[in-house]
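Structure, as structure tokens:
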Amino acid sequence: MPKILLVEDEPDARTLLARRLAAHRLEVVEASDASAGLELARTVKPDLIILDLNLPGQDGFQFYQALKGDGKLVRLPVLFLTAISVGGQMTPHSLELLAAAKHGIHLEGKYAIMGKPYDPKALIDAIQRLLEGSVGEQEGVGA
């Protein structure tokens, strides 16, 4: 059973998403902020991380930067799940621009971006693609 680390600060959104993932036979470990999420990533070794960008303290980009700076976690795929948009949309290109502008971060590896609110089927499809490796290195998918 694939293990998903869900880093989301909003309790209701986290609970709903965790239940939805569990219904699809995914094991879910939850964190409410970047610090707890990074510690869990190091201890539970998830197969994928679902990451909100708006987090208290360190934001999702800072979490991502710390993740990619850890040799044991660098290859973990990440699904960015966010209500942030650029021009009313959030695409992989928009996400890259925002990461660079906000923190000077270059996104790399396997990742996907999905806006909130999300389509449940599209969410599960994006997770499956990331877990199966259907998303190539340094390629995002606008799910």
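The values are calculated or read from the model by the stated rules, or taken from the named source; none is laboratory data. These figures come from a predicted structure and were not determined experimentally. Please note: Cβ atoms are built from the backbone with ideal geometry, for glycine as well, and neighbour counts cover all protein chains shown.
Details
- Candidates 131, 79, 73, 123 - the one that is modelled with pLDDT of 90 or more, aliphatic (A, V, I, L, M), surrounded by 13 or more Cβ atoms within 10 Å (Cβ to Cβ) and part of a strand (DSSP E or B): 79
- A Cβ distance below 6 Å, combined with a sequence gap of six or more or placement on separate chains, defines the contacts here; from segment 67-96, residues that are of a type outside the set (A, V, I, L, M, F, W, C) reach residues that are buried (at least 18 other Cβ atoms within 10 Å of the Cβ) and modelled with pLDDT under 65 in the pairs 92/140.
- Verdict on residue 66 being assigned to a helix (DSSP H, G or I), in contact with a strand residue (DSSP E or B) (Cβ under 9 Å, 6 or more places away or on another chain) and not aromatic (Phe, Trp, Tyr): no
- Residues that are crowded, with 16+ Cβ neighbours inside 10 Å and either among the small types (Gly, Ala, Ser) or part of a strand (DSSP E or B) (or both) within segment 1-20 comprise 4, 5, 6, 7, 13, 18, listed in sequence order.
- Positions within segment 21-59 being of a type in the set (Lys, Arg), farther than 15 Å from residue 127 by Cβ and outside any helix (DSSP H, G or I), in sequence order: 45
- Here segment 44-54 is the region considered, the condition is being aliphatic (A, V, I, L, M) and under 13 Å from residue 67 (Cβ atoms), and the residue that is surrounded by the fewest Cβ atoms within 10 Å (Cβ to Cβ) is 48.
- Among residues of segment 1-16 being over 15 Å from residue 131 (Cβ atoms) and in contact (Cβ under 8 Å) with a residue 60 or more places away in the chain, the one that is nearest to the chain's Cα centre (by Cα) is 8.
- Output for segment 21-43, where each listed residue is of a type in the set (Asp, Glu) and either surrounded by 13 or more Cβ atoms within 10 Å (Cβ to Cβ) or touching a residue at least 12 places away in the same chain (Cβ under 8 Å) (or both): 27, 30, 33
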